[in-house]
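Colleague: Have a look at this one.
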Amino acid sequence: MCLSIPSKVIEIDENNYATVETLGVKRQVTLDLIAEPVSVGDYVLIHVGFAMEKIDTKIALESLELYRQIAEDMESGVIDEREGDMGLASLSDRLSTQKGE
Amino acid sequence: MDLINDYRNSELILALAKQIKAEAATLSRPINIMEICGGHTHSIMKFALGELVEGVVNFIHGPGCPVCIMPVSRIDEACELASMQGVIFCTLADMLRVPGSHTSLLKLRGLGHDIRALYTPLDALKIARQNPDKNVIFFAIGFETTTPMSAVIIQKALDEGVKNLYFHINHVTVPAPLRAIMADKNVNIDGFLGPSHVSVIVGSNAYKELALEFKRPIAISGFEPVDVMASVLNLIRQHKRASFEVFNEYKRAVSAQGNVKAKELVAKYMRPCTFEWRGLGEIDDSGLCLKDEYVSIDARRVFALQKEQATKEAKACICGQILRGVSKPPECALFAKACTPNSPVGACMVSSEGACAAYYKYQRRGA
Ligand code: SF4
């Protein structure tokens, strides 16, 4: 019941319900649990008919970028030098500026 | 960007697996990582992540499947309530198939009782409004992820003056079972994969205390395979340098504070209380129940339930041991034989997040 996937908001009505699209499937969810403003085009996490939280797409991109970097370095054999880069110091520092910590 | 497929990119998964193997090469034994949440168990099995890091990482499946941890006594209560005259009994889908001592909700429905599987708890409210002459009982289950949704329904029902909706609260919290598992000498866990959606609600700060207490690293991870592999890599790095901090891999959805609005709603209507966990037994303050001022909507108190009923559980089922992280599904004699998703003997075979169901679906060898 927890396997929710990111859904895109395509419409919001006056009762705080949003129409979202998940993998081509449209459904209605309530935005009652999200305090911050949600707009059309935002991505949200859905769970049993509720939007739980907005997804920060900027952070999502940055994480992916970092993992790609690790993969590339791996291929070019720079394992040891980069060890620790995905450890707490680096990734947390890089990402903590984005989402309130 | 594609928020789903980019996090399922096979090249990235393989590269991270390679990196994990390279960095774990200096360890004297495989690292034991418990994934707390059943959603991760599902992902690990679905994408065969255990095989990619075989020999260096041993995944231990945790207690985080809300259907699996429900003890027989609560299923029996559900069956008792659902059998009452004039009741419409509502719950989320998987609960219907969990066997109780004598029957299951599904069997009772077959006998003509009005038992409904809801897609969303919001429907309970709708059903109550549409059936003013019936007592509608919502059997609420789930960890911190789902508790706020129940709180919203409670609030709406009270605000709208809906008089015929009652709640049977079976919500539970993550930290308590982990403490019980860590206290067990038979379990040897080096680090935890923190749950995705529970963390969306509780926030990453909520785990700091646990990491310190257990002296184990915790990596809060998204559900996608790239998330899991990146989190495992972090846990290996932390393990090697003996640090036990909370790493938030799922920062795109999990903030430090979590969803404050959701937490406030829960605190308004519910308080911690004892819960009996399948496999772990009774644990103080590990579950939630309605506060005393809401006794009039508390199904457990409004409808006199038979107390101290002896419960009966399938003897050969080792679901409890699996939830404690000491056994894996293929070790059960009934696995994929007498017990299958179509006719589950134990709760761990019912929900897709249950370890037995995940093994059945994705890895039947070894059975
Ligand atoms: S396979 Fe079935 S009987 Fe065996 S532990 Fe799992 S749920 Fe219980």
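Colleague: Counting only residues that are at pLDDT below 90 and not in a loop (DSSP other than H, G, I, E, B), which one in region A:8-26 is farthest from the other protein chains (Cβ to nearest Cβ)?
Modeller: The extreme case among them is A:25.
Colleague: Take the residues in region B:250-276 that are of a type outside the set (A, V, I, L, M, F, W, C) and more than 11 Å from chain A (Cβ to nearest Cβ), then tell me which one is farthest from residue A:37 (Cα to Cα). Don't jump to the end; show me each part of the working.
Modeller: First, pick out the residues of region B:250-276 that are of a type outside the set (A, V, I, L, M, F, W, C): B:250-252, B:255, B:257-259, B:261, B:263-264, B:268-269, B:271-272, B:274, B:276.
The next check asks that each one be more than 11 Å from chain A (Cβ to nearest Cβ); those that pass are B:268-269, B:271-272, B:274, B:276.
Numbers: B:268: 23, B:269: 25, B:271: 29, B:272: 31, B:274: 37, B:276: 39 Å.
Taking the candidates together, the pick is B:276.
Colleague: Here's a follow-up. Which ones in region B:228-249 are surrounded by 20 or more Cβ atoms within 10 Å (Cβ to Cβ), out of contact with any helix residue (DSSP H, G or I) (no Cβ under 6 Å at 6 or more places or on another chain) and within 9 Å of another protein chain (Cβ to nearest Cβ)?
Modeller: B:234, B:237, B:238
Colleague: Another question, if that's okay. Just give me the residues in region B:321-356 being more than 8 Å from the ligand (Cβ to nearest atom) and within 14 Å of chain A (Cβ to nearest Cβ), in sequence order.
Modeller: Residues satisfying the conditions are B:351, B:352, B:353.
Colleague: Take residue B:310 and decide whether it is without any contact (Cβ under 8 Å) to a residue 40 or more places away in the chain, farther than 19 Å from residue B:63 by Cβ and of a type in the set (A, V, I, L, M, F, W, C). Break it down into steps so the answer makes sense when it comes.
Modeller: Working: without any contact (Cβ under 8 Å) to a residue 40 or more places away in the chain: no; farther than 19 Å from residue B:63 by Cβ: yes; of a type in the set (A, V, I, L, M, F, W, C): yes.
It is false that residue B:310 is without any contact (Cβ under 8 Å) to a residue 40 or more places away in the chain, farther than 19 Å from residue B:63 by Cβ and of a type in the set (A, V, I, L, M, F, W, C).
Colleague: Of all residues in region B:128-144, which are away from chain A (no Cβ under 14 Å) and within 26 Å of the chain's Cα centre (by Cα)? Break it down stepwise before answering.
Modeller: First, the residues of region B:128-144 that are away from chain A (no Cβ under 14 Å): B:128-137.
If the condition is that a residue be away from chain A (no Cβ under 14 Å) and within 26 Å of the chain's Cα centre (by Cα), then B:136, B:137 are the ones that fit.
Colleague: Here is a further query. Counting only residues that are in contact with a strand residue (DSSP E or B) (Cβ under 9 Å, 6 or more places away or on another chain) and modelled with pLDDT of 95 or more, give me the helices (runs of 4 or more DSSP H) lying completely in region B:1-92 with at least 3 of them.
Modeller: On the way: elements: B:10-24, B:38-46, B:49-52, B:72-82.
Answer list for region B:1-92: B:72-82.
Colleague: Could you tell me whether any residue of region B:301-320 is within 10 Å of the ligand (Cβ to nearest atom) and within 14 Å of chain A (Cβ to nearest Cβ)? Break it down stepwise before answering.
Modeller: Taking region B:301-320 as the starting set, the residues that turn out to be within 10 Å of the ligand (Cβ to nearest atom) are B:313-320.
In the following step, the residues that additionally are within 14 Å of chain A (Cβ to nearest Cβ) were identified as none.
No, region B:301-320 contains no residue that is within 10 Å of the ligand (Cβ to nearest atom) and within 14 Å of chain A (Cβ to nearest Cβ).
Colleague: Testing residue B:351 on (1) surrounded by 23 or more Cβ atoms within 10 Å (Cβ to Cβ); (2) at pLDDT 90 or above, one condition comes back false. Which one is that?
Modeller: Condition (2) is where residue B:351 drops out.
Colleague: Hey, another quick one. For region A:11-27, how many residues meet the condition of being loosely packed, with under 14 Cβ neighbours inside 10 Å and either closer than 23 Å to residue B:223 by Cβ or within 15 Å of the chain's Cα centre (by Cα) (or both)?
Modeller: 5
The values are calculated or read from the model by the stated rules, or taken from the named source; none is laboratory data. Source: prediction; values computed, not measured. Neighbour counts are summed over all protein chains in view; Cβ atoms, including those assigned to glycine, are modelled from backbone coordinates with ideal geometry.
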